[in-house]
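To keep things clear, I will list the structure first and then write my remarks on it.
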Amino acid sequence: MKTITLAFTGASGLPYGLRTLECLLAAGCTVHVLYTQAAQIVAKQELDETWPSRAADLAVYFRQRYGVADEAQLQVFGQQEWFAPMASGSNPGDGMIVCPCTMGALSAIAVGASDNLLERAADVMIKEGKKLVVVPREAPFSVLHLENMLKLARLGVVILPPNPGFYHHPKTIADLVDFVVARILDQFQIPHQLMKRWGIRDEF
C-alpha cells in the first residue's frame, strides 16, 4: 500500500486532518505524521485534546486511538528530525498531505524555505514530482494567499480548500468532514466509502 506523509499545522480544521489519518490507516496505508506546536494548540482548542509534546509519545497516542498494532504503519516525527524518511528524495514515499494548512506554511512551501521537516518534506515532494495536496483553511483569501497558491498550483501542487458540497444531503458535521476527506483520498486513488459518488445511486 501507499506511504503517505500527513502534516498538521496550526490552521483551524484539525478534524479534517484526523479523519484523513483515520481513513489512511483503515485503507492499509503507512502514514508518517508531522505536526507543529501550533497544531497542538488547535487540538486543545477545537477538540479539547491534549497531545503529548514528544513525537514518540504522540505516535503511541495515535496508535492506541486508531488501533494500530504495527508500529511501522504509523510513525510521528518532530519538526527537527532531519533523518526522517521524507526529508530526502531517496525515500519520499508516495505523496504528502498538509491538512489543515496555514497560510504561513503554504507561503514557506511556495518559496522553498525548508526551515523545518514539514517544509523540507513538501519541498522534496515537489522536486521529486510526487503528489502534494495542501488543504488551506483561511477566509477570505488575500491576494498574497492566492498568489502563493497559484505559484504552487503551477508546480503541480493540488490546492484543495475544505469546501464541502451539499448535494449528498449531509445531516451531521461528520458528513461535511467526510466530503472533504473523500476528495483528499481520491487524489491518491485510495479506496473509501465515505460518500456515494455523483451519478451512482447504489454504490454501497
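The values are calculated or read from the model by the stated rules, or taken from the named source; none is laboratory data. Worth saying up front: this structure is predicted, and the values here are computed from it rather than measured. As a convention, Cβ positions derive from the backbone with ideal geometry for all residues, glycine included, and neighbour counts pool all protein chains shown. Side chains included, ligands, DNA and RNA excluded: accessible areas come from the protein's heavy atoms. Shrake-Rupley method; radii C 1.70, N 1.55, O 1.52, S 1.80 Å.
Points worth noting:
- Some residue of the range 86-95 being surrounded by 16 or more Cβ atoms within 10 Å (Cβ to Cβ), among the polar types (S, T, N, Q) and either in contact (Cβ under 8 Å) with a residue 60 or more places away in the chain or farther than 25 Å from Val177 by Cβ (or both): no
- Of the residues making up the range 43-70, those that are of a type in the set (Asp, Glu) and closer than 15 Å to Leu24 by Cα number 1.
- Residue in the range 158-175 that is most open to solvent (accessible area, probe 1.4 Å), counting only those that are in a loop (DSSP other than H, G, I, E, B) and touching a strand residue (DSSP E or B) at 6+ places or on another chain (Cβ under 9 Å): Pro161
Quick grid of which residues meet (1) in contact with a Gly (Cβ under 8 Å, 6 or more places away or on another chain); (2) of a type outside the set (Gly, Ala, Ser); (3) in a helix (DSSP H, G or I); (4) without any contact (Cβ under 8 Å) to a residue 60 or more places away in the chain:
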residue	(1), (2), (3), (4)
Ala108	no, no, yes, yes
Gly112	no, no, no, yes
Ile126	yes, yes, yes, yes
Val135	yes, yes, no, no
Phe141	no, yes, no, yes
Leu146	no, yes, yes, yes
Met149	no, yes, yes, yes
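- Top-ranked residue of the range 138-157 - restricted to ones that are under 15 Å from Ile109 (Cβ atoms) and not aliphatic (A, V, I, L, M), ranked as least open to solvent (accessible area, probe 1.4 Å): Asn148
- Of all residues making up the range 40-52, the number that are out of contact with any helix residue (DSSP H, G or I) (no Cβ under 7 Å at 6 or more places or on another chain) and open to solvent by 40 Å² or more (accessible area, probe 1.4 Å): 4
- In the range 1-15, of all residues being at pLDDT 95 or above and open to solvent by 40 Å² or more (accessible area, probe 1.4 Å), the one that is farthest from Phe188 (Cα to Cα) corresponds to Ser12.
- Among residues of the range 176-191, those that are within 29 Å of Met103 (Cα to Cα) and assigned to a loop (DSSP other than H, G, I, E, B), counted: 4
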